[in-house]
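The values are calculated or read from the model by the stated rules, or taken from the named source; none is laboratory data. Note that this is a predicted model, so its numbers are computed, not measured. Every residue, glycine as well, gets a Cβ built from its backbone with ideal geometry; the counts of neighbours run over all protein chains shown.
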Amino acid sequence: GAVVSQHPSWVICKSGTSVKIECRSLDFQATTMFWYRQFPKQSLMLMATSNEGSKATYEQGVEKDKFLINHASLTLSTLTVTSAHPEDSSFYICSARDLIWKRGGRGSTQYFGPGTRLLVL
Amino acid sequence: DQQVKQNSPSLSVQEGRISILNCDYTNSMFDYFLWYKKYPAEGPTFLISISSIKDKNEDGRFTVFLNKSAKHLSLHIVPSQPGDSAVYFCAASEGDKLIFGTGTRLQVFP
């Protein structure tokens, strides 16, 4: 159980185009999903927290107009990189937290997707 | 400012021996700590966690120790197996968020 998928797994695009990445929780409902970014040999950096039915909460330094997040259902969140530039090339990973967390259960942690590698030319 | 630090970027251990991965943190308000394993081009996989009210948690070959006074936790893997070779991240929970360390690459050789 607790499987999270991401699509696409990798994408190459031209500078100036927009790219949408999907994150799905396959066997559980997730009111909260998280989007991370990882540069080579660096840690995972939280970009934003995506809440179902409401606006995402962005971390300091993350441009909300550039990284659009939509969490339209309990199993799907999308990240759109708008007007992508080469410096946006990175590994993007989402995670989902299931409803057990809300009922006070601890130890049910975030379940991560396999990641999406973005290369902007 | 890096709130969660893994000062050893890499560790090499012989198969069958113990692997000890270390992690330090600065924020005393963290209430939960987790270890994740990550292979290249994949998302992290949850391994084991510990609440700040405990000092040890064990799950099979994996044991996590927490020293709150020193703001230090460690992951022990014993016996180490070649399949354990991966990058290990420690993470600390701050409310809804996870703060990750920079990772330690573990290589287990025969």
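Of the residues making up the stretch B:46-60, those that are more than 12 Å from B:Leu21 (Cβ to Cβ) and surrounded by 15 or more Cβ atoms within 10 Å (Cβ to Cβ) are B:Phe46, B:Ser49, B:Ile50, B:Ser52, B:Asn57. When you look at A:Trp10, is it within 22 Å of A:Lys66 (Cβ to Cβ), surrounded by fewer than 14 Cβ atoms within 10 Å (Cβ to Cβ), at pLDDT 90 or above and among the aromatic types (Phe, Trp, Tyr), yes or no? Considered against the rule, which asks whether it is within 22 Å of A:Lys66 (Cβ to Cβ), surrounded by fewer than 14 Cβ atoms within 10 Å (Cβ to Cβ), at pLDDT 90 or above and among the aromatic types (Phe, Trp, Tyr), A:Trp10 comes out as yes. Just for the stretch B:72-110: of the residues that are of a type in the set (Ser, Thr, Tyr) and part of a loop (DSSP other than H, G, I, E, B), which one is farthest from the other protein chains (Cβ to nearest Cβ)? That would be B:Ser80.
Does B:Gly16 satisfy the condition of being in contact with a Pro (Cβ under 7 Å, 6 or more places away or on another chain) and more than 9 Å from chain A (Cβ to nearest Cβ)? Here the answer is yes, as B:Gly16 does meet what is asked. When the stretch B:1-18 is filtered for residues that are over 14 Å from B:Gly103 (Cβ atoms) and at pLDDT 95 or above, the ones remaining, listed by number, are B:Ser12, B:Val13, B:Gln14, B:Glu15, B:Gly16, B:Arg17, B:Ile18.
With a requirement of 3 or more residues that are within 12 Å of another protein chain (Cβ to nearest Cβ), the strands (runs of 3 or more DSSP E) lying completely within the stretch A:3-64 that satisfy it span A:4-7, A:32-38, A:44-51. Given the options A:Thr31, A:Thr17, name the one that is more than 12 Å from the chain's Cα centre (by Cα) and at pLDDT 95 or above. When all the criteria are applied, what remains is A:Thr17.
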